[in-house]
1. Hey, rough spin-label estimate for ASP49 and GLN240, points 7 angstrom out along Cα→Cβ, what's it come to in nanometres?
2. May I ask you to evaluate 6.51 cos²θ - 1.76 cosθ + 1.60, the Karplus curve with θ = phi - 60°, for each residue of region 40-56 and list the ³J(HN,Hα) values in order in whole Hz, giving x for glycine and proline?
3. Please report the base-10 log of the normalised intensity I(q)/I(0) for region 115-245, using a Debye sum with one equal scatterer per alpha carbon and no solvent, at each q in 0.10, 0.18 (1/Å).
4. Hey, can you grab everything whose amide H is under 5 Å from the amide H of PHE217? Only 5+ residues off in sequence or another chain; H modelled, so Pro and N-termini drop out.
5. Taking 8 Å as the Cα distance limit and 6 or more residues as the minimum spacing, I'd like the relative contact order of the chain as a percentage.
6. Using a Cα-Cα cut-off of under 24 Å, which lysines could be cross-linked to LYS178, ignoring same-chain neighbours fewer than 8 residues away?
7. Using alpha carbon coordinates only, what is the Rg to Rh ratio of the chain, with Rh defined as the Kirkwood radius?
8. Cut-off is 10 Å between beta-carbons; in what order do LYS294, LYS88 appear when sorted fewest neighbours first?
Amino acid sequence: MTTIENLEFTTPAGCVFGSVLTAMVTPFDGCGRVDLPAAEELARWLTRDGWNDGVVVNGTTGESIATSDHEKSKMIGAARRAVAGTGKKVIAGVGSGDTRHSIKLAQNAADWGADGLLLVAPYYSRPSQRGLLRHFREIADSTELPVMLYDIPKRTGVAIEPETLVAAAQHPNIVAVKDAKGNLEASSWVMREAPLAYYSGDDALNLPLLSIGAVGFVSVVGHVVGDRLQDLFHLYSQGQIDQALAVHRELLPVYRGMFRAPAAASVKAALQSLDLPGGSVRSPMVELTTDETKALLADMEASGVLRTVTV
């Protein structure tokens, strides 16, 4: 318990994943197959000292909608090998539009060595809030792994309402939220009412979400600026607000550039420019055009990425 004048608040107990995580792409080889050695290499590079505290595999940026259950399991295994002995975390996306399928994915993730689960709201079916809550609880019941809920209504078609998040937090395995809703007021209310560890799932809002109580980031740009996201987090945590704001502003171009096109395609183009593994995207995604790549590289240059990233 911390006291500032007459205000009392508690720090979320569920911050078990670290502070800076990257939602990792799934590398494909020249024949369109999942490239497991490349995945292991990329996960190892992303979690080297001073960079990410872990990786999220089989999420949206990992093109999970286009990979099989078997491929998802293999991706968890590759990431697990990459971080073995380091204390870094592997979080596995297990979201789907079917509760039974998500339970199967969750149990497979546990078997393959995941440290936690990322669970997006069921997409397309747009269940009621009561249906969402039952979905989350049934999946959380299916393993002992800690669960991070993923609130991104622009993709799923349904928002997780604050009351639903507060109710979900009563489950002992549901400990965190990846927040990509863009509603700071709603997020503030949930942080006030429930001991959920909030992670920014929208890179442009990393600093604003820290200011209302977030504990870290699940990032896309962490592929190329994981070290500077660590700087941002630690500067803010140490009360060096002006310096944190300067880092935030420096990163605005790369925030914009990565999301001008679908993130998976942008990240893979960025990785290629840095001679890092990523490969192609899988249909229905398409690679960036020459003009789109030039614009992305210009944004990376404006944020100092091409000058500062070393392989």
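All of the numbers you see were taken from the coordinates with simple rules; none came from a lab. Note that the structure is a prediction, hence the values are computed from the model and not measured. Here Cβ is always computed from backbone atoms with ideal geometry, including for glycine, and neighbour counts include all displayed protein chains.
1. Here the answer is 1.9 nm between the modelled labels.
2. 5, 4, 5, 4, 5, 5, 5, 9, 5, 3, x, 10, 7, 7, x, 10, 9
3. The computed values of log10 I(q)/I(0) come out as -0.32, -0.97.
4. The list, which skips near neighbours in sequence, is VAL20, LEU21, SER200.
5. 19
6. Counting by Cα, and skipping residues close in sequence, LYS178 has these lysines nearby: LYS72, LYS74, LYS88, LYS89, LYS104, LYS154, LYS268.
7. 0.95
8. LYS294, LYS88
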